[in-house]
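The values are calculated or read from the model by the stated rules, or taken from the named source; none is laboratory data. Just so you know, these numbers come straight off a predicted model, no measurement behind them. Cβ placement follows ideal geometry from the backbone for every residue including glycine, while neighbour counts extend to all protein chains displayed.
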Amino acid sequence: MSQERIFLGVLLLLHLSEHIVWIPSGFLLFRRRGRGWEVATRGAILETHRGSLHWVWPLPGLARAHRVASSEVWSSATIPGTGTPEAAAFDPAAVDRRRLEVAQDFLPLRWCSIGLLALIWAAAPLGVWLDGWVPTLAWWTPAVVVLMAVNAVVVARRHRLAFPGATDDRWRSVLSACLSPLAAIRSWDLAQRDALMGFHPVAVAAALPGFRDWEGFASMEWRHRRFPENAAASRPTAADGRGSNGTDRSAELLARLASIARARGFDPSSWEAPPDPDDPGHTRYCPRCRGQFTSRAETCNACRGLPLLSLPKR
């Protein structure tokens, strides 16, 4: 294998490593897939109690990803401190406006990202093949440095406008874009990663164009809120969606989620209907995770002792 091929192979591995996204525990990753979007709930490269690693497409624009606080955060009494009013946090139209505003703010980065991608993966290999290393580096290096400098300036200015309080993230993004042309390729996508922080994940899923299986995601989030995992928490009643301790917080969140569902033509009460038994020996199910059990089981261990309900008899 020639030195040129070894160099390009190492460069490719470094390029792919830039498109691995770390998502801390308590957050969800919404990533673009072709013309649609999805939430990365499975298939993590690495998963620990602190977070998980996920992969996005290694091309500018297709590597778009948003980090959003999970429903567990919203189930607590604390709303993410992003300045987003709670009413807007559950409004898909507000999510879409914010997404488009941030995308417009960082639009100039698109040309820097595409230009760097073309220089590194098209112009450089072609130049090395035709003219060799020295002549290619003579014109290639200044071109890359100029694009990286322009990219860093645009990142700093636009990030200050879009996220005025995120000083640490801003300098981290600028420093990364200055040190590596491969990281600078991702600036267009990375700069928008936290654009939807503060919005509820169900509202985010409703706003993203072409989101895959919105009802499946929303119904899971609904059941997680209706039937808390903590065994010590009181189970909500079917009448008004609030726990026996009368927590208004639970009822309020469920009402907002129901409003989003009905606006999209879904009845959230149908999401609590018992599943069809997948085995004749199964007589009970978990209302949260939908796992099925025999009559000997009383609680769901996966949901930390949540009492089981009876399956309908055939």
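Looking across the stretch 23-52, the residues that are surrounded by 14 or more Cβ atoms within 10 Å (Cβ to Cβ) and without any contact (Cβ under 8 Å) to a residue 40 or more places away in the chain come down to L29, R31, R32, A40, A44, E47, G51, S52. Looking across the stretch 1-31, just one residue is among the charged types (D, E, K, R) and touching a strand residue (DSSP E or B) at 6+ places or on another chain (Cβ under 7 Å), and that is R31. Is at least one residue of the stretch 271-294 in contact with a helix residue (DSSP H, G or I) (Cβ under 8 Å, 6 or more places away or on another chain) and surrounded by fewer than 13 Cβ atoms within 10 Å (Cβ to Cβ)? No, the stretch 271-294 contains no residue that is in contact with a helix residue (DSSP H, G or I) (Cβ under 8 Å, 6 or more places away or on another chain) and surrounded by fewer than 13 Cβ atoms within 10 Å (Cβ to Cβ). Looking across the stretch 256-314, just one residue is among the polar types (S, T, N, Q), within 18 Å of M220 (Cα to Cα) and over 29 Å from the mean Cα position of the chain (by Cα), and that is Q292. Just one residue in the set R226, R212 is out of contact with any strand residue (DSSP E or B) (no Cβ under 9 Å at 6 or more places or on another chain) and not acidic (D, E); that residue is R226.
Here's the yes/no breakdown for (1) at pLDDT below 90; (2) buried (at least 16 other Cβ atoms within 10 Å of the Cβ); (3) in contact with a His (Cβ under 6 Å, 6 or more places away or on another chain):
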site	(1), (2), (3)
L137	yes, no, no
N151	no, yes, no
V155	no, yes, no
T167	yes, no, no
R172	yes, no, no
L175	no, no, no
S187	no, yes, no
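Checking the stated criteria, A203 turns out to be touching a residue at least 60 places away in the same chain (Cβ under 8 Å), closer than 30 Å to R290 by Cβ and surrounded by 23 or more Cβ atoms within 10 Å (Cβ to Cβ).
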